[in-house]
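Below is one structure; the comments refer to it alone.
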Amino acid sequence: MSQPAARMQGETMKTQRHRPAGEKRKKLGHSQIATRPQMERLFRIVAEVQKGEYPNCATFQKLFEMNRRTILRDIEFLRDRLKAPLEYDASRNGYHLIGDFHLMPPLDLKDEDFLTLYFLQQCLAPYEETEIGNHMKKSFKRMFGLLTGTQAWKKWDEAVAFRGEPKTVAAGEELKTFEVLFSAINAKQVVRFEYHGRGKEASKREVEPSLVVMNKGRWYLYGVDRKAKAMRTFALGRIKKISTVAKNFVRDPLAPEELFQHSFGIVVEDKEPVEVVIDFTPQAADLIRESVWHPNQKLEPLMDGGVRFRLRLTSFYEIKPWILSWSHYARVVEPPELVAEIRAAITAAEAYYKAT
């Protein structure tokens, strides 16, 4: 009996591991080598197992469109010839790795490299409840495992923490919508869908898609609405029944740096930009200087130790909450209409507190 078979039959571990019913070992001859198609399957099997979702023979049969015997031979090859610590967990009805493993020489990573990779993994974490975010996190884990031969995050979880955006609520059909839009943008093809705006009835749209943008965990489409003949923004989570139309359009690519040069977030309006001037007190000055709030911002020192913030915007919609978040450490100087809007918001908040 080979060593893997003995381990599976005789070892008593916290989680019982054995082969599924009907799986028999086939002794591999020393002359047996993997063909190119088989090597491609081996890489994919390892990648799927490293996701931690316990795939089984049925999973691989569907994935590769191969019969069960072929899949079992691949698994035997991984165990016997490539020494993969691959085990079958009966309680989870699937395979998993009981240690680190790689099919190629792993990258020689230093601690700072692992920190970077851990940071990237944590950047995806707030979005794992969304369809696209969950797909990206699985892809990251698969690629990281293949390149490094490890999925060991525990030591980083114990020593390093990242605090980012709040988790985004999942939106239905998001991945399908993204895939259709990505294809349509590259083919310059018109798309048709139902759009469910907040507090509005669903409306049918035909749009020339130009750009898909992610902001704070939410995905947005920028494209020309053919009826309005103007650029519009659509939240992917509110797009339903999307399909491509047998119509093509001719339009130059939309450069993000140009689209958002006068936006404080994702809101884009077809207006002349207005200069916004905000004075921050000395207590907030260092915090303002330590971050780039917008690529086109300008900072000027004030005599009292504070700092003046300048930025040209077409919309005040997204900068107003930001200003209010600074409480009495920020004061809008220009333009007069923004001063009035901030004053009205403060007055309304004061009245709300007095009423409670």
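The values are calculated or read from the model by the stated rules, or taken from the named source; none is laboratory data. Just so it is clear, the model here is predicted, and its values are computed rather than measured. We place every Cβ from the backbone using ideal geometry, glycine too, and count neighbours over all the protein chains shown.
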Condition (residue is surrounded by fewer than 12 Cβ atoms within 10 Å (Cβ to Cβ), at pLDDT 95 or above and polar (S, T, N, Q)) applied to segment 304-325: is it met by at least one residue? yes
Check off (1) assigned by TED's automatic domain parsing to the domain that holds residue 303; (2) within 26 Å of residue 337 (Cβ to Cβ) for residue 282 and give me the number that stays unchecked. (2)
Output yes when any residue across segment 201-210 is modelled with pLDDT under 90, over 13 Å from residue 240 (Cβ atoms), part of a loop (DSSP other than H, G, I, E, B) and out of contact with any strand residue (DSSP E or B) (no Cβ under 9 Å at 6 or more places or on another chain), and no when none is. no
Considering only segment 219-227, I want to know if a residue exists there that is under 28 Å from residue 326 (Cα atoms) and in contact (Cβ under 8 Å) with a residue 12 or more places away in the chain. yes
Any hit, segment 339-351, residues being under 19 Å from residue 262 (Cβ atoms), among the polar types (S, T, N, Q) and either more than 32 Å from the chain's Cα centre (by Cα) or in the same structural domain as residue 295 (by TED's automatic domain parsing) (or both): no
Pairing a residue in segment 44-63 that is under 17 Å from residue 91 (Cα atoms) with any residue that is of a type in the set (S, T, N, Q), where Cβ atoms lie under 6 Å and the two sit 6 or more apart in sequence or on different chains, gives 56/93
Qualifying positions in segment 338-356 - loosely packed, with under 11 Cβ neighbours inside 10 Å and among the acidic types (Asp, Glu): 350
Just a yes or no: is a residue in segment 281-294 out of contact with any Cys (no Cβ under 6 Å at 6 or more places or on another chain), hydroxyl-bearing (Ser, Thr, Tyr), assigned to a helix (DSSP H, G or I) and farther than 30 Å from residue 203 by Cβ? no
Restrict the check to segment 322-329 and report whether at least one residue is over 22 Å from residue 259 (Cα atoms), in a strand (DSSP E or B) and out of contact with any Pro (no Cβ under 7 Å at 6 or more places or on another chain). no
Going through segment 328-337 one residue at a time, which ones are surrounded by 13 or more Cβ atoms within 10 Å (Cβ to Cβ), out of contact with any helix residue (DSSP H, G or I) (no Cβ under 7 Å at 6 or more places or on another chain) and closer than 18 Å to residue 307 by Cβ? 331, 333, 334
Return the pair list, or none, for Cβ contacts closer than 6 Å from residues in segment 89-100 that are modelled with pLDDT of 90 or more to residues that are part of a strand (DSSP E or B) and surrounded by 13 or more Cβ atoms within 10 Å (Cβ to Cβ), at least 6 apart or on different chains. 89/17; 89/96; 95/86; 95/88
Within segment 250-259, is there a residue that is of a type in the set (A, V, I, L, M, F, W, C), within 24 Å of residue 320 (Cβ to Cβ) and outside the structural domain of residue 312 (by TED's automatic domain parsing)? yes
Residues in segment 238-264 that are over 12 Å from residue 209 (Cβ atoms), of a type outside the set (A, V, I, L, M, F, W, C), in a loop (DSSP other than H, G, I, E, B) and modelled with pLDDT under 90 total 1
Is there a residue being under 28 Å from residue 230 (Cα atoms) and out of contact with any strand residue (DSSP E or B) (no Cβ under 9 Å at 6 or more places or on another chain) anywhere in segment 297-315? yes
